[in-house]
Every structure is written in structure tokens, then in C-alpha cells.
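All remarks here apply to the structure that follows.
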Amino acid sequence: MSTTDTDVYRVQEGTAADLAQRDPADGRLFAGDKEAGSQAMKALNERLEELQDLFYANRSHRLLVVLQATDTGGKDGTISAVFEGVNPLGVKVASFKQPTPLELDHDYLWRVHPHVPGNGEITIFNRSHYEDVLVVRVRELTSEERWRRRFDHIRNFEQMLVDEGTTILKFFLHISKEEQRQRLQDRIDDASKHWKFSMGDLDERKRWDLYQAAYEEAITLTSTTTAPWYVIPANRKWYRNIVIARVLIETLEKLNLKYPPPEADLTGLVVE
Ligand code: AMP
Ligand code: MG
């Protein structure tokens, strides 16, 4: 690991997320260009693969990775690039879309809890319970009184998961409004990306400022020492991938895992 410090992107508990002051094109943790970046990413992918193998073998810890972003923010791309090469046996992705009628008949955490990781598992939330203080707020799908109470619920829910042995990392993929414009245009112009585009995305884009304000407050109120938010500069995809991979690697390295010992003394044992 180089001398970099991913903490510059971490929102310290009790401080404002300050999204407007954070540059989505920031690149201070990697001096090279895109080419050098993809070389560096290969090494990070390999290291993550090794650490995930140890994590899976130990079955002693659980890791929950929450990914949130505005439309086109790069959640899907992050998952495929950062987790490339890791053993799918130990990594799960849970994507949270518009709630079904059954889900809406329950509290908003009901659909989330069954997907949290078990021992040895890394689970990535592609959107999450945070939608219930983001889109629900912006679209006024419930009263302010009701969604405002959810910040406490979410902090307590996540603290419970941490207390019971889960490590939580939350990433907001921070892109600029101009970058979103380009990515949406690209989805319109490129037939192979039409499936990613929905007319509703244009409507959501009109609410850009409301979403930024909702993210600002949600991140500020729910970034804790034990379940921190990272605001990742995400205009450049390769840089975004490097930073997220580094945070994951640093977190897994801190667990200091070793391969579990054999169940019996294997010295000199020969298979016939
Ligand atoms: P996508 O991630 O592009 O497939 O879109 C999923 C859509 O589901 C997004 O527009 C989200 O805002 C929406 N969504 C996810 N969770 C919720 C929720 N709890 N309430 C309302 N809409 C949601
Ligand atoms: Mg979409």
C-alpha cells in the first residue's frame, strides 16, 4: 500500500458531508494517468482476491458494502470492476429497486435485513435502505415526519449489525451534474446502453439539487465511526475504482486474518 490516505474521503462522525465542497473530479490519491491507473487496479484486484479468499475461509467476519449514487453514478460499474476476480461463492449483490406491493406492506427495513451478510460473506448493497430517506424524501412518497425518524432507525439498525459482528462501509459515488448529463446522453446515443436508460431518469435529473440536499443530510446524519460514509470522487471511473478497492483492502487487512489451522496434525500425512 502506498502512502495515501483514503480517510480524506471519509466523513467523520458529527461533521457535515459538505458535498458541494468536494470535487467529483478529485484525484489526489493517484498521480498517474488512466493507463497507469488500470495497471494499479490489476494489483488491487489481485490483493482483494487474496483477502477475500482468507475472509471466506475464516467464516469469522461479515462485511457489508453499501453503494449509493444518483442515476449514472456508476454503482454497477463499480461492482463489476472492483470485485472482478473475487470468488463469487463468498460475494453477494443485493439490488434494491422500487419496493413491491408486498414490501410496501411492511416497514422499510423488512426487505433489507434478510440480505445482510453472514459469516465469511461480503455483501454489496446496490442501493439500500438509504433510498427510504432519499427518493422517498425527494418524491414525497411519505411525510417528512416519517422519513426524518428514519435517520435514527438507520443508525441504530447499522449499529446493531456492527455490534453483532458486521463491518460496514458505505460509499457515495459523487459525480458532477455535467458528468451525469454526458452519461445520460451516452445511454441515449449508444444502442447497447439503451437498456440502462429510462425516461424517468430525465425527470429525476430535474431534481438534482433536491437529491444532493437529501444525500448531504443523510450522509451527515448517518456517518458514524463504526459505519462510515466515504464520498468517492466518481467522475473518473478508474479513479473511483482504485479508491474503493483501497478502502476495502485496508479494511480487510486490518482484520489480520490467517488461514484456519487444520483440524488435525497433518505432518507427514500421505494420501494413498
Ligand atoms: P435502478 O437502480 O436504475 O435499477 O433503479 C431502481 C429504482 O428504484 C430507482 O429509481 C430507485 O430510486 C428506486 N427505488 C429503490 N428503492 C426505493 C424505495 N425504497 N422507494 C422508492 N423507490 C425506490
Ligand atoms: Mg436507473
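The values are calculated or read from the model by the stated rules, or taken from the named source; none is laboratory data. For clarity, every value in this text was computed on a predicted model and none was experimentally measured. Note that we place each Cβ from the backbone using ideal geometry, even for glycine, and neighbour counts take in every protein chain shown.
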Quiz item: Right, Gly268: without any contact (Cβ under 8 Å) to a residue 40 or more places away in the chain, within 14 Å of ligand 1 (Cβ to nearest atom), surrounded by fewer than 16 Cβ atoms within 10 Å (Cβ to Cβ) and of a type in the set (Gly, Ala, Ser) or not?
Solution: no
Exercise. Give the range 183-197 a look and list any residue that's out of contact with any Lys or Arg (no Cβ under 6 Å at 6 or more places or on another chain) and either among the aromatic types (Phe, Trp, Tyr) or more than 16 Å from ligand 1 (Cβ to nearest atom) (or both), or say none.
Key: Gln185, Asp189, Asp190, Ala191, Ser192, Trp195
Exercise. From Arg205, Arg246, grab the single residue that is within 16 Å of ligand 1 (Cβ to nearest atom) and on the phi < 0 side of the Ramachandran plot.
Key: Arg205
Exercise. Could you run through the range 241-269 and say how many residues are closer than 30 Å to Tyr9 by Cβ and of a type in the set (Asp, Glu)?
Key: 2
Quiz item: What helices (runs of 4 or more DSSP H) lie completely within the range 132-206 and have 3 or more residues being more than 20 Å from the chain's Cα centre (by Cα) and exposed (fewer than 15 other Cβ atoms within 10 Å of the Cβ)?
Solution: 144-163, 177-189, 200-205
Quiz prompt | Cβ pairs under 8 Å, 6+ apart, first in the range 92-113 and within 13 Å of Tyr130 (Cα to Cα) and at pLDDT 95 or above, second polar (S, T, N, Q) and surrounded by 15 or more Cβ atoms within 10 Å (Cβ to Cβ) | solution = Ser95/Asn126; Phe96/Asn126; Phe96/Ser128; Val112/Ser128
Quiz item: How many residues, within the range 68-95, are within 26 Å of Leu51 (Cβ to Cβ) and in a loop (DSSP other than H, G, I, E, B)?
Solution: 7
Quiz item: Of (1) more than 14 Å from ligand 2 (Cβ to nearest atom); (2) touching a strand residue (DSSP E or B) at 6+ places or on another chain (Cβ under 8 Å); (3) of a type outside the set (S, T, N, Q); (4) under 12 Å from Asp71 (Cα atoms), Gly165 satisfies all except one. Which?
Solution: (4)
